[in-house]
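Okay, structure first, notes after.
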Amino acid sequence: MTAPSQQEILRRLETIRHPEKGKSVVELGMVSGIVIRGSNVGFALEVDPDRAAELEPLRRACEEAVRAMPGVTSCTVVMTAERAPGGRPAQGPPPSLGRPQQAEPAKPLVPGVRAIVAVASGKGGVGKSTTAINLAFGMARLGWRVGILDADIYGPSIPRMAGASGRPSAPRGGKLRPMESFGVKCMSMGFLVDEDAPMIWRGPMVQSALQQMLGDVDWGELDTLVVDLPPGTGDAQLTMAQRVPLTGAVIVSTPQDIALLDARKAINMFRKVDVPILGVVENMSYFCCPNCGHRSEIFAHGGARDCAEKYGVDFLAEIPLDPVIRETSDAGRPIVVSAPESPQAQAYLQFAMTVRDKVGTLLGGEARSFPRIVYL
Ligand SMILES: Nc1ncnc2c1ncn2[C@@H]1O[C@H](COP(=O)(O)OP(=O)(O)OP(=O)(O)O)[C@@H](O)[C@H]1O
Ligand SMILES: [Mg+2]
């Protein structure tokens, strides 16, 4: 069955009325950016940012109406700040930002998921995604049920690193089914939009997309959901930290001072919102020459360990700078699954074990069996 056209989608949305204004979302000019890819539809609903939480039922109604159309298997509607007259985005902070005292209480967004672990760094390009994917696949190798959520809306890299492609399916009216790779459930904006499509979303849209990727995805029962955060300490990180009941955060840094400065910012951000820091990982810690085995400490090895000590957080692992780590993760076969016996994979597996034990302790149960279900 072919997907409906934009006109047909708009006609359908004409039946959805704003709860107070009495007019349809189409008449009010709230619908924008309709994207139709195969049987997957997405669009933005422009709302007053102060009213985003109250208008959540309206967003859902739009989503359900379009999802019920013949030829549509999934529909994702994100809320975005309505444009002020003149076509510029409305000013003012997005809903949950800058006003933590008004933040909604944490909800059990993903009830079957026992722990959510964020992998973060202040600085870009330090190897968060590589660390996150090897952590997730490593924990799965240790016998846990694991998912990975790519929270990097603007530059998703998990589909490529997990070697997963295609579109997640959604049974009619149901939640989106995550993709799966090496037994790990994977969700990313990269599965929903084309790799080359420029992402020009504004703050509230990003928040909404993240919450949907958590709450509207059928994660099933997971021991841990690893979340690969985008670099920095901006909107997406704050949203995760404030709105998602994170069990803990892993901070990735390279050993140089410049990266460590940003790692400190990330530690402080999670501390401010009371998210436990599981510890710091030093990525690209040292280099072993593949020919002669000589170890060189290119970026002054050990800086992350000192930083962890100074900030009173645990030091979790040293991961070497090694071309095979790059080649395997960039090729969609991370080293923990493609060469699990290699010393590089062993470094990741040791790290995964440490994180697993820490998560187990935080949840107050046995690391492996979780006798107590903790709803997050
Ligand atoms: N330990 C390592 N050894 C060799 N290459 C690595 C290592 N860690 C990461 N890389 C490579 O460095 C590049 C950047 O890594 P990655 O994408 O994981 O960083 P990131 O922090 O997630 O970046 P961004 O901030 O853009 O999200 C990738 O090509 C990756 O393969
Ligand atoms: Mg990344």
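What about I267, is it touching a Phe, Trp or Tyr at 6+ places or on another chain (Cβ under 7 Å) and β-branched (V, I, T)? So I267 fits the description; yes. Kindly indicate whether M284 is among the hydrophobic types (A, V, I, L, M, F, W, C), open to solvent by 10 Å² or more (accessible area, probe 1.4 Å) and on the phi > 0 side of the Ramachandran plot. In short, yes. If you go through region 113-157 and keep only what is more than 15 Å from A249 (Cα to Cα), within 12 Å of ligand 1 (Cβ to nearest atom) and outside any loop (DSSP other than H, G, I, E, B), you end up with T130, N134.
A single member of L222, L210 is more than 16 Å from ligand 2 (Cβ to nearest atom) and either open to solvent by less than 10 Å² (accessible area, probe 1.4 Å) or farther than 29 Å from T73 by Cβ (or both), and it is L222.
The values are calculated or read from the model by the stated rules, or taken from the named source; none is laboratory data. All values derive from a computational prediction rather than experimental measurement. Neighbour counts run over all protein chains shown; Cβ positions are idealised from the backbone, glycine included. Protein only, heavy atoms only, side chains kept; ligands, DNA and RNA dropped before computing areas. Shrake-Rupley method; radii C 1.70, N 1.55, O 1.52, S 1.80 Å.
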